[in-house]
Every structure is written in C-alpha cells, then in structure tokens.
Amino acid sequence: MADLQVVGGVKKLNNQNYNTWSTCIMSYMQGHDLWEVVKGTETKQPEAEDNNGNLRKWKIKAGKAMFVLKTTVQEDILEHIRDISTPKEAWDTLLALFSKKNDTKLQLLENELLSVSQRDMTIPQFFHKVKSTCREITELDPQSQISETRMKRIIIHGLKQEFRSFITAIQG
C-alpha cells in the first residue's frame, strides 16, 4: 500500500487515472518550483555554466522533476520514460501516450461504465467512479458525451440492492 502513494498522496499513474494524476503532479511541481523545467520557460538545458550557476541549478531542478515523474508511475508505464533525459520529454511522452483518441480504450471505458456497481464502495466513492469514467469518455471522444440523465440512470442501476426499495419509492 505504501508504494501507491509516493508524492503528496498522489496515486501512481496507471492506465485509468492519467487525468487525475497529471492534474495533481502539475500542482505538486508548481508548488515545488519544478514546473518551469517541465512545461515552462526553462525546458531546455543551458548550454554552459554561467556566473550564477544556472546550468547546475537547472540540472538539480530537472533531476527532481524526473524523480517525481519516474516515481509516480507504475512500472509498466515507467518503461516509456525510463531512458528519457529531460522532464519536458518525459511529460510530453506521457501526454501523448494517454491523450490519444484510442477506440479500444473508449470501448473499455464504456463497457466499464455499463457494468459498474457499488459493491464495497461508499456512495460518494461510487458517484465519483461513475462521474470520472464519464469524464474520461468525454475527454477521449467529445461526441460520446454522457448526459446527466443517463449518468443518473447508471448510478441508480449500480446501487446496492438495499437501496432498491428507496429508489422505487422515489420513482413511483
């Protein structure tokens, strides 16, 4: 369990949580003055050391950013960035890997959404699961946006059996 949360309580990047992971890691890096070497004005390594030690400072920041990126992804995803030398390249590689419109991923998400059920989740966890899956589907394919009415039907359908009488009373 300890290896799931490395930086600031952020769960490691896996095949289902890119949007949440990237939002959290971006905030983390901004808060630790590392974002400039990832997507800001300092993405390229200075060519030579100057009197202010900018090359050394850049290498330290880039090293810290790479550490954050490499330690907050699962091992199978690490393979995609293992040999990359700059934080910008690593970030862009992960972005390209997870932001492609991928019909297979879209189909998997839609199947997951249709079969989702509350099981051992609390109601807020279950609602979050449905909403985040719907958001992922919309991000992959804006044409497949799921209406709020359909989302409510999916949530009602997936609730535990103990809520059926309550739902029937409300709907009746």
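The values are calculated or read from the model by the stated rules, or taken from the named source; none is laboratory data. Values in this document were obtained by computation on a predicted structure and should not be read as measured data. Cβ sites come from the backbone with ideal geometry, for glycine too, and all protein chains shown count toward neighbours. What goes into the accessible areas is simple: the full protein's heavy atoms, side chains included, and nothing from ligands, DNA or RNA. Shrake-Rupley method; radii C 1.70, N 1.55, O 1.52, S 1.80 Å.
Residue count for the stretch 103-121 under the criterion of being among the polar types (S, T, N, Q) and either open to solvent by 70 Å² or more (accessible area, probe 1.4 Å) or under 19 Å from Tyr18 (Cβ atoms) (or both): the result is 4. Here Asp141 meets the list (1) open to solvent by less than 90 Å² (accessible area, probe 1.4 Å); (2) free of Cβ contacts under 8 Å to residues at least 24 places away in the same chain almost entirely, failing just condition (2). Go through (1) closer than 28 Å to Ile137 by Cβ; (2) touching a residue at least 40 places away in the same chain (Cβ under 8 Å) and name the single condition Val37 misses. Only one criterion in (1) closer than 28 Å to Ile137 by Cβ; (2) touching a residue at least 40 places away in the same chain (Cβ under 8 Å) is unmet by Val37, namely (1). For the residues Leu69, Leu78, Leu34, the requirement of being at pLDDT 90 or above, of a type in the set (A, V, I, L, M) and under 24 Å from Leu108 (Cα atoms) singles out Leu78. The residue list Ile25, Ile60, Ile84 contains one member that is open to solvent by less than 40 Å² (accessible area, probe 1.4 Å), farther than 29 Å from Lys129 by Cα and free of Cβ contacts under 8 Å to residues at least 60 places away in the same chain, which is Ile84. Only one entry of Glu36, Glu42 meets the criterion of being of a type in the set (Asp, Glu), open to solvent by 30 Å² or more (accessible area, probe 1.4 Å) and touching a helix residue (DSSP H, G or I) at 6+ places or on another chain (Cβ under 6 Å), and that entry is Glu42.
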